Amino acid sequence: MRVHKLGRQQKVVIGILATFAVVVAGASLSHGLQVWRQKGDRQAEVAAKGAQVMPFDLEQTTHSFEPKADGGLQTVVADDPQNQAQIDLIQVHLKEEATKFQAGDFSDPATIHGKAMPGLSELSAGYSAIQIAYSPTSGGGQIRYTAQSDVLVKALHAWFAAQRSDHGRHAH
């Protein structure tokens, strides 16, 4: 086996490349940690604002935002199916929210997630073209959103994705 010795210039180039690689990796890791912290901060902010709007306990419930071809299905259930107090709070809240949404009032999601929340302006403007139906479930409740317009369906999907992201471990 033949061993090739590196010259001084080659060693300098390799040293510079190795240093560059370490700097890039460190910057990438730092950026990743910053994004992770920001997302964690965002979820904590949303949870705090959510506690002002939603009467049920986020730590005892799970939100589901399921996109559908014609809209979507939002479900909130109590983590403990025997916790009737949480189930009652979920049902009252979702029924009230569905009534507000049917009238074009999306102020509660705006309070929790911000007025620039993806999909929110389209839903507020096009609410009359969205069928919104609340129904109780054994563990909580759900709201079914149906729209004929591709623009509104895309807005619902964006709105759902934002809520899933913002609610973090409390949603799927």
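Coordinate-derived values only; no laboratory data. Bear in mind that the values here come from a model prediction, so they are computed numbers and not experimental data. Counting neighbours? That spans all protein chains shown, and the Cβs are built from the backbone with ideal geometry, glycine included.
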Notebook entry, point to check: Around T61, which amide H atoms from residues at least 5 apart in sequence, or from another chain, sit under 5 Å from its own amide H, with H modelled in the peptide plane?
Noted result: D79
Checklist line | Kirkwood estimate for region 54-172, i.e. one over the average of 1/r between Cα atoms, Å | finding: 14.2
Check: If Lys and Arg each add +1 and Asp and Glu each add -1, what is the summed charge of the other residues whose beta carbon sits under 14 Å from the beta carbon of G71?
Finding: -1
Next item on the list: Take peptides 74-81, 139-146 and line them up by average Cβ neighbours within 10 Å, highest first, as a rough protection proxy.
Entry: 139-146, 74-81
Next item on the list: At 7 Å along the Cα-to-beta-carbon direction for both L73 and K115, put a label point, then send me their distance in nm to one decimal.
Entry: 3.5
Next item on the list: Tell me the label-point distance for the pair D105, V92, using the 7 Å Cα-to-Cβ offset, in nm and rounded to one decimal.
Entry: 1.6
Checklist line | Pairwise FRET efficiency - Q82 versus K154, Cβ, R0 = 30 Å, nearest 0.05 | finding: 0.20
